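What follows is a short report on a single structure.
The values are calculated or read from the model by the stated rules, or taken from the named source; none is laboratory data. Model, not experiment: these values are computed from the prediction. Every residue, glycine as well, gets a Cβ built from its backbone with ideal geometry; the counts of neighbours run over all protein chains shown. The protein model used for the area step is the full one, side chains on, heavy atoms only, and it has no ligands, DNA or RNA in it. Shrake-Rupley method; radii C 1.70, N 1.55, O 1.52, S 1.80 Å.
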Amino acid sequence: MYESPRFGPARWLPDGTAYAIVEAAQGGGSEIARYEAATGARTVLVPSSKLIPAGTRTPLDIEDYSWSPDGKRLLIFTKPRKVWRQNTRGDYWVLDLKDGTLKKLGSGSPESSLMFAKFSPDGSRVAYVRGN
């Protein structure tokens, strides 16, 4: 069976001169690359090596992501599960881009059970739904 390559999710960066996109990393998992809109020049913003949770060897496979309002953190959605027709349940991780720490949200929650995570307006916290 033929499967087309995945594109995205892509997000414009705040200054509007480039966009970021999730791409498959060579060693497995995902990475986030930056493309200049004018030239198409590519750089890696978040390599897959930064997406390896402590105690594991495999990088996260990104289903979706969002930047904090200040651009210092990345909210990553992984291991999606369908609720009705949408992939709305999953695991969420926060990557601090400055110090490289990767933290899973909802400690003690069953796998793929969090929904609708969003950064607070100041980017210091994340709200999510767990167990309705």
Original post:
Of everything in segment 41-76 that's open to solvent by less than 70 Å² (accessible area, probe 1.4 Å) and part of a helix (DSSP H, G or I), which residue is farthest from Leu114 (Cα to Cα)?
Top reply: Ser48
Original post:
Residues in segment 45-61 that are in contact with a Pro (Cβ under 9 Å, 6 or more places away or on another chain) and under 14 Å from Asp96 (Cβ atoms): how many?
Top reply: 3
Original post:
Picking from Lys103, Lys79, which residue would you name as being over 24 Å from Phe7 (Cβ atoms), in a strand (DSSP E or B) and within 16 Å of the chain's Cα centre (by Cα)?
Top reply: Lys103
**OP:** Answer with yes or no whether Glu23 is acidic (Asp, Glu) and touching a helix residue (DSSP H, G or I) at 6+ places or on another chain (Cβ under 8 Å).
**Re:** no
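Restricting to segment 6-18, and then to whatever is of a type in the set (Gly, Ala, Ser) and within 15 Å of the chain's Cα centre (by Cα), can you tell me which residue is surrounded by the most Cβ atoms within 10 Å (Cβ to Cβ)?
Pass one, segment 6-18, residues of a type in the set (Gly, Ala, Ser): 8, 10, 16, 18.
Retained after the next criterion (residues that are within 15 Å of the chain's Cα centre (by Cα)): 8, 10.
Numbers: Gly8: 10, Ala10: 12.
Filtering first and then ranking leaves Ala10.
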**OP:** Only residues in segment 96-115 that are under 11 Å from Arg130 (Cβ atoms) and touching a residue at least 24 places away in the same chain (Cβ under 8 Å) count as the first member; pair them with residues that are open to solvent by 80 Å² or more (accessible area, probe 1.4 Å) and among the aliphatic types (A, V, I, L, M), Cβ under 8 angstrom, at least 6 apart or cross-chain, and list the lot.
**Re:** none
Original post:
Applying the selection to segment 29-40, what residues are open to solvent by 30 Å² or more (accessible area, probe 1.4 Å) and outside any strand (DSSP E or B)?
Top reply: Ala37, Ala38, Thr39, Gly40
**OP:** Please enumerate the residues belonging to segment 110-128 that are among the hydrophobic types (A, V, I, L, M, F, W, C) and open to solvent by 50 Å² or more (accessible area, probe 1.4 Å).
**Re:** Phe116, Ala127
Subject >> Check on Ile21, without any contact (Cβ under 8 Å) to a residue 60 or more places away in the chain, open to solvent by less than 40 Å² (accessible area, probe 1.4 Å) and either outside any strand (DSSP E or B) or under 18 Å from Asp99 (Cα atoms) (or both) >> reply: no
